[in-house]
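Here is the structure we will look at, set down as structure tokens.
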Amino acid sequence: MSDLVLSARGLARTYHLDRVDVPVLKDCSLDVEDGEWVAILGASGSGKSTLLHLLGALDRPDAGTVHIGGMELSRASQRQLDRVRAGQVGFVFQFYHLLPELTVLENSMLPAHMPGGVGASEGRRRALDLLERFALGDRLGHRPRELSGGERQRTALARALVNAPRVLLADEPTGNLDATTGAAILDVLSDLHRDGLTMVTVTHDQTIASRADRVLELTGGRLQLDDEAAEGADSKAVVESRRP
Ligand SMILES: Nc1ncnc2c1ncn2[C@@H]1O[C@H](COP(=O)(O)OP(=O)(O)O)[C@@H](O)[C@H]1O
Ligand SMILES: [Mg+2]
């Protein structure tokens with residue numbers, strides 16, 4: 001049997017604003033195998049960030065379940081959830097969320113100190129390795145405001161990976177970058193994937209989908225195979241035709 005890292009069933013999430021209900025996710029199910037890269041495509045506002053936050057234990061669904069590394073999150077205690085968030089999941093936020101007062105090295109070491117993290121000395125060693133690998137070895141003492149967009153994103157990636165998580169969840173990893181910088185980030189992700197990292201990326205950028213093992217579409221609050229979507233909209237053909 002294949003090794004499932006992440007499994008979601010029937011996820012639903014509605015936001016409540018004043019007296020208006022905003023149903024965003026209706027019924028989302030997803031299995032991610034060890035070493036797999038799944039890309040989720042969806043228009044802006046389709047609920048990609050909402051879904052990724054549920055998968056990463058940053059938010060709770062109204063209905064449905066998420067299993068990470070065999071643990072069902074809705075049954076987990078707060079303490080277990082904290083440990084899953086720190087140790088099993090690496091999260092790259094849509095807008096970096098780097099702490100402005102901390103340096104590149106300090107930002108990327110931050111999760112190492114959390115319960116479930118690898119600890120200060122291992123965290124420092126891993127952060128230095130990752131930053132070197134991401135060509136930030138000469139930016140260790142810089143603050144986020146002194147970095148380019150691509151450098152911020154690579155710092156955020158190093159932070160997400162410092163605890164050697166089982167799965168990387170990345171929210172629009174190329175979303176705020178120009179095409180060249182975005183392509184460089186894609187190369188970094190492809191590299192990590194080749195080394196065996198399990199990844200889920202959400203994006204409205206078709207080019208990122210062309211690198212993934214599997215592409216799903218988030219539409220109408222549901223996830224469907226891109227193949228199915230392609231029957232109607234021929235979106236697979238769009239992805240294919242953009243392949244270099
Ligand atoms: N905290 C929130 N409260 C109310 N509505 C929200 C909240 N977060 C997101 N939404 C709404 O839910 C929908 C999906 O948002 P989001 O998951 O951020 O989509 P995407 O990441 O695909 O752009 C949007 O219409 C957005 O306005
Ligand atoms: Mg989003």
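The values are calculated or read from the model by the stated rules, or taken from the named source; none is laboratory data. This structure is a prediction, so every number in the text was calculated from the model and none was measured. Cβ atoms come from the backbone with ideal geometry, glycine included; neighbour counts cover every protein chain shown.
Within the range 101-110, one or more residues are hydrophobic (A, V, I, L, M, F, W, C), in contact with an Asp or Glu (Cβ under 9 Å, 6 or more places away or on another chain) and either free of Cβ contacts under 8 Å to residues at least 24 places away in the same chain or not assigned by TED's automatic domain parsing to the domain that holds D34 (or both).
In this structure, does V22 turn out to be crowded, with 22+ Cβ neighbours inside 10 Å and over 19 Å from the mean Cα position of the chain (by Cα)? Here the answer is no, as V22 does not meet what is asked.
Scanning the range 138-186 for residues that are in a loop (DSSP other than H, G, I, E, B) and within 16 Å of ligand 1 (Cβ to nearest atom) yields a total of 5.
Find the strands (runs of 3 or more DSSP E) located wholly in the range 29-94 whose residues include 1 or more that are within 13 Å of ligand 2 (Cβ to nearest atom) and farther than 26 Å from L110 by Cα, and list them.
The qualifying strands (runs of 3 or more DSSP E) are 37-41.
Select, from T50, T65, the only residue that is hydroxyl-bearing (S, T, Y) and over 17 Å from the mean Cα position of the chain (by Cα). Result: T65 is the single residue among T50, T65 that is hydroxyl-bearing (S, T, Y) and over 17 Å from the mean Cα position of the chain (by Cα). Only a single item in (1) assigned to a loop (DSSP other than H, G, I, E, B); (2) at pLDDT 95 or above is not met by A135, and it is number (2). Applying a threshold of 9 Å to beta carbon distances and a minimum spacing of six or more residues, or different chains, the list of pairs starting in the range 37-52 at a residue that is farther than 15 Å from A209 by Cβ and among the polar types (S, T, N, Q) and ending at one that is within 6 Å of ligand 1 (Cβ to nearest atom) and at pLDDT 95 or above reads T50/Y15; T50/V24.
Out of everything in the range 187-219 that is of a type in the set (S, T, Y), within 12 Å of T174 (Cβ to Cβ) and within 13 Å of ligand 1 (Cβ to nearest atom), what residue ends up being modelled with the highest pLDDT? Going through the qualifying residues, I end up with T201.
For residues that are modelled with pLDDT of 50 or more, more than 16 Å from ligand 2 (Cβ to nearest atom) and not in a helix (DSSP H, G or I), tally how many sit in the range 220-238.
Residues that pass the stated criteria total 4.
Does H142 meet the test of being in contact with a Phe, Trp or Tyr (Cβ under 6 Å, 6 or more places away or on another chain) and at pLDDT 95 or above? Considered against the rule, which asks whether it is in contact with a Phe, Trp or Tyr (Cβ under 6 Å, 6 or more places away or on another chain) and at pLDDT 95 or above, H142 comes out as no. Does the range 104-124 contain at least one residue that is part of a loop (DSSP other than H, G, I, E, B), surrounded by fewer than 21 Cβ atoms within 10 Å (Cβ to Cβ), more than 21 Å from the chain's Cα centre (by Cα) and on the phi > 0 side of the Ramachandran plot? Scanning the range 104-124, I find at least one residue that is part of a loop (DSSP other than H, G, I, E, B), surrounded by fewer than 21 Cβ atoms within 10 Å (Cβ to Cβ), more than 21 Å from the chain's Cα centre (by Cα) and on the phi > 0 side of the Ramachandran plot, so the answer is yes. Scanning the range 191-210 for residues that are within 22 Å of S148 (Cβ to Cβ) and more than 14 Å from the chain's Cα centre (by Cα) returns D191, D205, T207.
For the range 24-65, filtering for residues that are touching a Lys or Arg at 6+ places or on another chain (Cβ under 6 Å), of a type in the set (D, E) and modelled with pLDDT under 95 leaves 0.
Against the criterion of being of a type in the set (G, A, S), within 21 Å of the chain's Cα centre (by Cα) and closer than 22 Å to I40 by Cα, A156 qualifies.
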